Amino acid sequence: MLPIFDGLRDVTLASVTTRMLLAVLCGGLIGIERAYKRRPAGFRTHILICLGAAITTLTSQFLYLNLHYYTDMARLGAQVITGVGFLGVGTILVTGRHKIKGLTTAAGLWASACLGLAIGIGFYSGALVAAL
């Protein structure tokens, strides 16, 4: 891992702010291409999904580290994956000619959520490489 991010791994105001801004930026990078091509689930949708996933992971980390609720930290993140998968299924359509539409939208939403989970837990290097 990159040592430049070591100071941002704890749950502090600086790390929370950095993670939220990074989630908005990375979700926006995915969504801006979708919006540019006038596809469903564009800029704002990807930002909201990435940001929501990051907040979920941060909440799980905060509960474990600060409030000492000894629970599985991956539990809330697993629910994000399930929920976004459910949203993604709603975007996939099979047309009358047996063509599948919306699969890329569903994959983009899922990737944006996974990116938010990585950012929320502090895996900055992996999230930045994935976003690019």
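Considering only Gly90, Gly27, Gly108, the mean-square fluctuation computed in a Gaussian network model of the chain, springs between alpha carbons under 10 angstrom, is largest for Gly90. Under a model in which nothing but the beta-carbon of Lys, Arg (+1) and Asp, Glu (-1) is charged, segment 1-121 shows a dipole of about 780 debye around its Cα centre. Among residues other than Leu93 with Cβ under 11 Å from its Cβ, the summed charge is +2 (Lys and Arg +1, Asp and Glu -1). Okay, which of segment 113-130 sit inside 16 Å, backbone N to the point 7 Å along the Cα-Cβ direction of Thr12? Zone members listed by number: 122.
Within segment 27-132, the trypsin sites (Lys or Arg not before Pro) that combine a DSSP coil assignment with at most 13 other C-beta atoms in a 10 angstrom radius are Lys37, Arg38, Arg97, Lys99. Share of carbon and sulfur in the accessible area of segment 22-78 stands at 64%, probe radius 1.4 Å. Think of the chain as having a plus end and a minus end, set by charges on the Cβ of Lys, Arg, Asp and Glu; of Val94, Ala113, Leu65, Val94 sits farthest toward the positive end of this dipole.
Shape summary of the chain, radius of gyration then Dmax from alpha carbon positions: 15.9, 55 Å. Rolling a 1.4 Å probe over the protein heavy atoms gives the chain an accessible area of 62 Å² per residue.
The values are calculated or read from the model by the stated rules, or taken from the named source; none is laboratory data. None of the values given here were measured: they were computed from a predicted structure. Every residue, glycine as well, gets a Cβ built from its backbone with ideal geometry; the counts of neighbours run over all protein chains shown. These area figures cover heavy atoms from the full protein model, side chains too; ligands, DNA and RNA do not enter into them. Shrake-Rupley method; radii C 1.70, N 1.55, O 1.52, S 1.80 Å.
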